Amino acid sequence: DRPPCGLLTLMRPAHATKALDISVGTRVEADGGLTPLVLLVSAVAAIGGFVFGYDIGGGGGSFAMEGFQTQFGWANKSEAVRADEIGWISALLTLGAAAGAAPSGILSDRVGRRPCIITSALIFSIGASLQAFASGSPSASLAQLYVGRLVGGFGVGMLSTTVPVYIAECAPGSWRGSLSMCWQFAIVIGIVVASLANVPLAHWDQGWRVSYGGNVVFALLLALLMVWMPESPRWLGQRGREAALRRTLSRLRSSTLAAEEEATSIEAKAAEEAAGGASSWRGLLRRPLAMRHRMLLGVALQCWQPLAGINAIMFFAPKILLAYFSAEAALWGTL
């Protein structure tokens, strides 16, 4: 047997369970392994991460663009006022994301992961369009931009909560962690693409509109492609839709045996959760449920990321560098 090789092999977790397929004399994943549809589902859903990253990189770079400064009348405003507006433009995206993330878990449990992703992509498209077409007086343009940032942030928050869950629930167990990272990887790609695009866009008076609204194309693409993607198997199992569950798993898994075993496992877990009754927030802190340490670890990881200062770099690096370099140099420096 030759050892497996390639990018997907390098990504596969070392602990992945394997079984010997005697009929073909090759080693295969016990849970069915990767299939083209699983890769397609992960790539399509990860477009949501690209949309998020583009919004971060595009918005921050616009502060160094002369066309943006002219549209919002910064030449006639004090440094303090400009700094205040920059702060609100950046903060409203985050505030909107927090507002969108809060109900999306309940919403996706009720209507499904796929409809929730489609809805969030459409909401973001509305918000980004409002930002891109901000017009009128400086004050009117700023008000429209503020509203667009809040609405777009709401869509981003919904995507941030739903997409990673959707990818994880569609992926086979041995690949779940590796494929879930597609979300974060797509965010980074989006930031880089937007930052690169900002360099030539800075030479166009209306280039800042593309920085804010260029990702509408990708958001609409995400909404369109998700129409043909399967629903999450776990959600189907939780809703008691046994036929749809098995039909979906037969498409996502490489063997009938793997699909049937996973369907049985999902149904058993759903029955166990139903028998246990409704969960409570207080239960997260109870040691018998072994959730306290997991919850605190997750919260700590989320807190340390912004406390490290990365948000300031993502949103304000072009503005900081603009104090020492030209607009183009500041945008290149952001990369």
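Applying the selection to the stretch 113-160, what residues are over 30 Å from R239 (Cα atoms) and β-branched (V, I, T)?
I126, V147, V151
Got a sec? Which of L201, L224 is under 20 Å from the mean Cα position of the chain (by Cα) and more than 17 Å from G148 (Cβ to Cβ)? Reasoning before the result, please.
Numbers: L201 fails: under 20 Å from the mean Cα position of the chain (by Cα).
Residue meeting the stated conditions: L224.
Which residue is nearest to the chain's Cα centre (by Cα), if the candidates are limited to the stretch 55-101 and must be over 19 Å from A128 (Cβ atoms) and not in a helix (DSSP H, G or I)?
Result: A64.
Within the stretch 222-236, can you find the residues that are open to solvent by less than 70 Å² (accessible area, probe 1.4 Å) and in contact (Cβ under 8 Å) with a residue 40 or more places away in the chain? Step through it out loud before you land on a result.
Quick first cut of the stretch 222-236, residues open to solvent by less than 70 Å² (accessible area, probe 1.4 Å) only: 222-223, 225-226, 229-233, 235-236.
Within the stretch 222-236, L222, A223, L225, M226, M229, P230, E231, S232, P233, W235 qualify.
Determine, yes or no, whether W88 is aromatic (F, W, Y) and either out of contact with any Lys or Arg (no Cβ under 6 Å at 6 or more places or on another chain) or surrounded by 23 or more Cβ atoms within 10 Å (Cβ to Cβ) (or both). Write out each step before concluding.
Working: aromatic (F, W, Y): yes; either out of contact with any Lys or Arg (no Cβ under 6 Å at 6 or more places or on another chain) or surrounded by 23 or more Cβ atoms within 10 Å (Cβ to Cβ) (or both): yes.
Yes: the conditions hold for W88.
This table checks each residue for (1) open to solvent by less than 30 Å² (accessible area, probe 1.4 Å); (2) touching an Asp or Glu at 6+ places or on another chain (Cβ under 6 Å); (3) farther than 27 Å from R253 by Cα.
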site	(1), (2), (3)
S104	yes, no, yes
S108	yes, no, no
C116	yes, no, no
S120	yes, no, yes
L145	yes, no, yes
L150	no, no, yes
G157	yes, no, yes
T162	yes, no, no
C170	yes, no, no
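Residue by residue through the stretch 179-209, note down the ones that are open to solvent by less than 60 Å² (accessible area, probe 1.4 Å) and part of a loop (DSSP other than H, G, I, E, B).
A202
Mind listing whichever residues of the stretch 245-256 are closer than 12 Å to G33 by Cβ and out of contact with any strand residue (DSSP E or B) (no Cβ under 9 Å at 6 or more places or on another chain)?
Start the filter on the stretch 245-256 by keeping residues that are closer than 12 Å to G33 by Cβ, which leaves 252-255.
Across the stretch 245-256, the qualifying residues are L252, R253.
Quick check on my filter: what residues within the stretch 237-281 are open to solvent by less than 70 Å² (accessible area, probe 1.4 Å) and in contact (Cβ under 8 Å) with a residue 24 or more places away in the chain?
Those that are open to solvent by less than 70 Å² (accessible area, probe 1.4 Å) and in contact (Cβ under 8 Å) with a residue 24 or more places away in the chain: G237, G240, L252, R253, S255, A258, A259, E262, A263, I266, E267, A270.
The values are calculated or read from the model by the stated rules, or taken from the named source; none is laboratory data. In this text the structure is predicted, and so the values were computed from the model without any measurement. Cβ coordinates were reconstructed from backbone atoms using ideal geometry, including for glycine residues, and neighbour counts include every protein chain displayed. Side chains are part of the model used for accessible areas, which takes the heavy atoms of the whole protein and leaves out ligands, DNA and RNA. Shrake-Rupley method; radii C 1.70, N 1.55, O 1.52, S 1.80 Å.
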